[in-house]
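Remarks on the structure that follows.
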Amino acid sequence: MPLLEAKGLTRRFGGLIAVNDFNIELGEREMVALIGPNGAGKTTVFNLVSGFYQPSEGAITINGRDTRGMRPHQVTSLGVARTFQGIRLWGEMTVLDNIRVSQHYRAGYSLLDCFLRTKKYMIREKEIERVAWELLEAMELKEYALELPRNLSYGLQRRVEIARAMSLKPSLLLLDEPAAGLNSADVEGLIKLVRWIHDTFPVTIWMIEHQMKVVMSLCTRIKVVDFGATIADGTPEEIQNNPAVIKAYLGDDTI
Amino acid sequence: MAGTSGSPPALFFFKRTTTLWPSPNRPTGHCPKGRAVQPARQGPIAQPQGKVSPVEFFQHILNALQFGSFYALIALGYTLVYGVLRLINFAHGDIFMVGAYIAYFVAVLLLGGEGMHGLGLSPALTLAITVPVTMILTSLVGVTLERTMYRPLRRKGADRLYVVITALMAGLMLENGNLALLGASRKSFPELMEKVVWTFGGVSVTNLKVVVIVAAIVVFVLLEFIVTKTKIGMAMRGISYDKFAIPLMGIPLDTIIVVTFILGSSMAGLAGILYAMSYPILEPYMGALIGWKAFIAAVVGGIGDIRGAIVGGFLLGFIEIGVVAVFPSTLRDLFAFSVLLGILWLKPTGLFGVAQTTKI
Amino acid sequence: MQKHTFTISLFAGIFLLTVLAQFGVINQYLVSVIMLMGVNIILSTSLNLVNGYMGEFSCGHGGFMCVGAYVSSVVTVLCFSKNHILGAPLLPPSLALLAFPLALAAGAAVAAVAGLVVAIPSFKTRGDYLAIITLAANYIVISAIDNMEIIGGPRGFMGMNATVNGMEGLLDIPWMLLWVLSGTVFTVWLLRRFVSSTLGKGVPAIAQDEIAAEIMSVDTNRMKLIAFMLSSGLAGLAGGLFAHILGYVNPHSFDIMKSTEVMVMVYLGGMGSLSGATLSAILFTVLLEVLRPLEIWKWVVIPLLLILLMQFRPEGIMGNKELSDLFPKLKKYYSFK
């Protein structure tokens, strides 16, 4: 059973077709890229998969479960986590708290437990904190745990965001332009980080990215969209030489 | 109040309820106002609650239009400022109150009264001078508020919330400052316009009512023109979309904002004087409830949109009159707020409002 | 031992105050000021949950206070006072001590349910629109009570003294002081536990980025529900206590002016700071008393103070920090996280 399956996924906004008959199947531990020119509908696909938009047509199944009608936090609890194009960390909370809060669904205790500080509450909170510290340690963010995100460099904030997504222990990680705004040193660091995550955790990574360096060095499969429709799908080598892809990005010779 | 023909219609307005603000009364079928021409044969037309005759119905419509005009005029001020600054100017209702009081003092100064000799001008002349003077002075109050309190916060890039709180506090200061300075005694507005009553088949219309309704319509037309056809009007609309592009049009941001406040506040001043003429008892908290209601009306109509303010204002007028016609008048506010709340539940952005979507 | 210093000193303080009040060392006026402080702390901290932590703009807190005040008052009056609804009291005065907290709880519960009126629209809208809904809700509550002649309508409702007398009949100590202080401690304790937990931290997450919160597994609707109902429920508790301190309630004491007072306290203290809300409630109560001779000018000075605050220190006294952030050494003295 594939981890993620999208069949005939379509999303319209009024007269605009943002995503048109998108199909994909993702298996375990894959590393796949979604590329295309700006405005091609890539983030919309992510929004559909993570439950923020409902599809106009088509279906999404995650681990066999149909996600139509689910609210985002429900989709998340199925094992999907994502990062955003801009950094969407919670600015007034420490890095540690950012990682704690994203484990909200694992809180699992009732309000009463919270008030009375029952055993159940204590155990759960300890677990949440343990996971948070472990993750911070593993991603080399431990020293920044009590900092506010705005005091960190952009590259570090990106890393915190990815750590936050990972704290959900997802089986599918959606990275929306993770390298955007990073300088070349940070991009190297990012590539290393993503590779490390992929090797260490049983997670499929699906990323939207413009920087070909990142895509080519990490991904085994690339899907190309333009104007909401798929125009190519294959290995990095196949994509690099695909005329349709070249045309989409660079235009062709005809005027 | 049976058949008081020839009695000054002003008597009608002194029938006060326990609430602080005059309730849009039961239709004048109960109290045939000075029908100078026809003999007062009828007694008070006591309609059983819930049953409305055609005559009463049209009377209701007129009252609703009149009251709606006040709400509309005040709502316009809220909506203009919100459309330009995304700020709920909570002090606006109190600017309306200030306008009414300014009108009072100017009128008394010109006309004489309250034990003062004044300049002894005729009522008509007083009216002619008071209206523009009130509007100008009230807009000054609004602009002063903007310059001293809102602008410094804008300069600092302060969070919108802080400006809203400042507005709320400014309103409180105006109300209680008035109470502290002028005392709790209510002021009664002198009569500036001789009441002329026209009757059409049982429905009586005063010239004042007509003036109020016409004023609201004229103002609306004027504002629509300004906002759609003039450069500054278009700049006003543009600001809410892109603050930084506007100065490129050649008009500084501050000027646009000042113009917005001038327009909004002078409208509130106009509403103030018209209201004072219609319900001549002034007291410091008169702006509070009307202000809140006008604000809710503006939101229900879709805040930021001039048509929304007008529609919302008149809608509120109709709801209130409708409620009072059928139910005891103490339920008026309850129903009005409930209906407005209901509309917002169903259409949270208001009738003319456009939902703002966030892009992820 | 050191860890529990705070808790111990807190209870010692309450005990001390009660004793001093009992023997008239602190006069009745001071006692009533302290009780008012307690009520204000409950109001301020509960509104802070919604306006501070959750970043909403609720202008109708007075309405929930009103609901709690009336519900608990009607319950106690029916039970212990001769009234014109049922005639004779239902219960003997000896049960007053037992029934009173139940009546308070009833008031808080009904107020919490009333909070649904605001909570449910908050699922779809935020900010300015929600502000209006809270405003309208406040007016609707007052209007509704104005129209309920059976509980006095606009003239107000009284008879709660009988309940207090009943309690004092059992043991002659200043019961209301004790109840208010207990209620205050309870409120702050409850809220503190909530906001320091991961569950509670979902609330500021919604404020700071709702979309991220939703996608990061926070059930935003559930959190909003909890926050609003907790906030309005505690306001109801404050209302119930307030009503029984005065022995009389009038719907118009809970109008927009009351809501504004509470907002002043919240913004003065700093949004998102529990200690800030507590401190500012105390400060504000004192300020009201100190400025009392100014009479109506009081209500010109206070808004002016807040305007100046917005100009020069909009984040309030504490910003969004707690006392323990400013004075880390304090952490040694209390054991709750």
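Numbers at a glance
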{"quantity": "Pick from the stretch A:99-129, criterion assigned to a loop (DSSP other than H, G, I, E, B) and surrounded by 15 or more Cβ atoms within 10 Å (Cβ to Cβ), ranking: farthest from the other protein chains (Cβ to nearest Cβ)", "calculated": "A:Gly108"}
{"quantity": "Pick from the stretch B:174-189, criterion over 18 Å from the mean Cα position of the chain (by Cα) and buried (at least 21 other Cβ atoms within 10 Å of the Cβ), ranking: nearest to B:Leu274 (Cα to Cα)", "calculated": "B:Asn178"}
{"quantity": "Qualifying residues in the stretch A:74-98 (those that are assigned to a helix (DSSP H, G or I) and facing another protein chain (nearest Cβ under 10 Å)) - the one farthest from A:Thr43 (Cα to Cα)", "calculated": "A:Asp97"}
{"quantity": "From the options B:Phe352, B:Phe318, residue that is surrounded by fewer than 23 Cβ atoms within 10 Å (Cβ to Cβ), more than 12 Å from chain C (Cβ to nearest Cβ), not in a loop (DSSP other than H, G, I, E, B) and not β-branched (Val, Ile, Thr)", "calculated": "B:Phe318"}
{"quantity": "Matching residues, the stretch C:182-206, being crowded, with 19+ Cβ neighbours inside 10 Å, touching a residue at least 40 places away in the same chain (Cβ under 8 Å) and either more than 14 Å from chain A (Cβ to nearest Cβ) or in contact with a His (Cβ under 9 Å, 6 or more places away or on another chain) (or both)", "calculated": "C:Gly183, C:Thr184"}
{"quantity": "Hey, C:Ala106 within 14 Å of chain B (Cβ to nearest Cβ) and of a type outside the set (Asp, Glu) or not", "calculated": "no"}
{"quantity": "Failed item, numbered, when A:Asn20 is tested on (1) surrounded by fewer than 22 Cβ atoms within 10 Å (Cβ to Cβ); (2) without any contact (Cβ under 8 Å) to a residue 40 or more places away in the chain", "calculated": "(2)"}
{"quantity": "Tally of residues being touching an Asp or Glu at 6+ places or on another chain (Cβ under 6 Å) and on the phi > 0 side of the Ramachandran plot across the stretch A:23-45", "calculated": "1"}
{"quantity": "Odd one out for C:Phe57, checked against (1) assigned to a helix (DSSP H, G or I); (2) crowded, with 19+ Cβ neighbours inside 10 Å; (3) not charged (D, E, K, R)", "calculated": "(1)"}
{"quantity": "Residue match in the stretch A:159-173 (condition: farther than 15 Å from A:Val101 by Cα and in contact with an Asp or Glu (Cβ under 9 Å, 6 or more places away or on another chain))", "calculated": "yes"}
{"quantity": "Total residues in the stretch B:168-214, condition at pLDDT below 80 and aromatic (Phe, Trp, Tyr)", "calculated": "2"}
{"quantity": "Evaluation of A:Ala59 against (1) closer than 13 Å to C:Ile215 by Cβ; (2) part of a strand (DSSP E or B); (3) of a type in the set (A, V, I, L, M, F, W, C) (one fails), failing number", "calculated": "(1)"}
{"quantity": "Scope the stretch A:170-185; condition within 12 Å of A:Val49 (Cβ to Cβ) and modelled with pLDDT under 90; matching residues", "calculated": "none"}
{"quantity": "Scope the stretch B:151-203; condition aromatic (Phe, Trp, Tyr) and either in contact with a strand residue (DSSP E or B) (Cβ under 8 Å, 6 or more places away or on another chain) or away from every other protein chain (no Cβ under 11 Å) (or both); matching residues", "calculated": "B:Phe189, B:Trp198, B:Phe200"}
{"quantity": "Candidates B:Gly312, B:Gly291, B:Gly269, filtered to the one that is more than 12 Å from every other protein chain (Cβ to nearest Cβ) and touching a residue at least 12 places away in the same chain (Cβ under 8 Å)", "calculated": "B:Gly269"}
{"quantity": "Among the candidates A:Val80, A:Val131, A:Val101, residue that is touching a Pro at 6+ places or on another chain (Cβ under 7 Å) and under 24 Å from C:Thr220 (Cα atoms)", "calculated": "A:Val80"}
{"quantity": "Of all residues in the stretch A:130-173 being assigned to a loop (DSSP other than H, G, I, E, B) and touching a strand residue (DSSP E or B) at 6+ places or on another chain (Cβ under 7 Å), the one that is nearest to A:Glu92 (Cα to Cα)", "calculated": "A:Leu168"}
{"quantity": "Subset of the stretch B:86-108 (residues that are within 12 Å of chain C (Cβ to nearest Cβ) and assigned to a helix (DSSP H, G or I))", "calculated": "B:Gly93, B:Asp94"}
{"quantity": "Test: residue in the stretch C:105-116 that is at pLDDT below 85, over 16 Å from C:Val249 (Cβ atoms) and surrounded by fewer than 17 Cβ atoms within 10 Å (Cβ to Cβ)", "calculated": "no"}
{"quantity": "Top-ranked residue of the stretch A:40-56 - restricted to ones that are of a type outside the set (Lys, Arg) and part of a helix (DSSP H, G or I), ranked as surrounded by the most Cβ atoms within 10 Å (Cβ to Cβ)", "calculated": "A:Val45"}
{"quantity": "Inter-residue pairs, beta-carbon under 7 Å, first within 14 Å of chain C (Cβ to nearest Cβ) and in the stretch A:39-53, second of a type in the set (Asp, Glu), 6+ apart", "calculated": "A:Thr43/A:Asp176; A:Phe46/A:Asp176"}
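The rows are residues; the columns are (1) within 14 Å of chain B (Cβ to nearest Cβ); (2) more than 23 Å from C:Thr184 (Cβ to Cβ); (3) in contact with an Asp or Glu (Cβ under 6 Å, 6 or more places away or on another chain); (4) among the basic types (Lys, Arg).
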residue: C:Thr285; (1), (2), (3), (4): no, no, no, no
residue: C:Pro293; (1), (2), (3), (4): yes, yes, no, no
residue: C:Trp299; (1), (2), (3), (4): yes, yes, no, no
residue: C:Pro303; (1), (2), (3), (4): yes, yes, no, no
residue: C:Leu306; (1), (2), (3), (4): yes, yes, no, no
residue: C:Lys321; (1), (2), (3), (4): no, no, no, yes
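Table: residues versus (1) buried (at least 23 other Cβ atoms within 10 Å of the Cβ); (2) on the phi > 0 side of the Ramachandran plot; (3) out of contact with any Lys or Arg (no Cβ under 7 Å at 6 or more places or on another chain); (4) within 12 Å of chain A (Cβ to nearest Cβ).
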{"residue": "C:Leu177", "(1), (2), (3), (4)": "no, no, yes, no"}
{"residue": "C:Val180", "(1), (2), (3), (4)": "yes, no, yes, no"}
{"residue": "C:Gln208", "(1), (2), (3), (4)": "no, no, yes, yes"}
{"residue": "C:Ile215", "(1), (2), (3), (4)": "yes, no, no, yes"}
{"residue": "C:Lys224", "(1), (2), (3), (4)": "yes, no, yes, no"}
{"residue": "C:Ala238", "(1), (2), (3), (4)": "yes, no, yes, no"}
{"residue": "C:Leu241", "(1), (2), (3), (4)": "yes, no, yes, no"}
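Every residue, every condition in (1) in contact (Cβ under 8 Å) with a residue 24 or more places away in the chain; (2) in contact with a Lys or Arg (Cβ under 9 Å, 6 or more places away or on another chain); (3) surrounded by 23 or more Cβ atoms within 10 Å (Cβ to Cβ), yes or no:
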{"residue": "C:Gln22", "(1), (2), (3)": "yes, no, no"}
{"residue": "C:Ile26", "(1), (2), (3)": "no, no, no"}
{"residue": "C:Leu36", "(1), (2), (3)": "yes, no, no"}
{"residue": "C:Ile41", "(1), (2), (3)": "yes, no, yes"}
{"residue": "C:Gly62", "(1), (2), (3)": "yes, yes, yes"}
{"residue": "C:Met65", "(1), (2), (3)": "yes, yes, yes"}
{"residue": "C:Ser72", "(1), (2), (3)": "yes, no, yes"}
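The values are calculated or read from the model by the stated rules, or taken from the named source; none is laboratory data. Quick caveat: nothing in here was measured; it's all calculated off a predicted structure. Glycine gets a Cβ as well: all are built from the backbone with ideal geometry, and neighbour counts include every protein chain shown.
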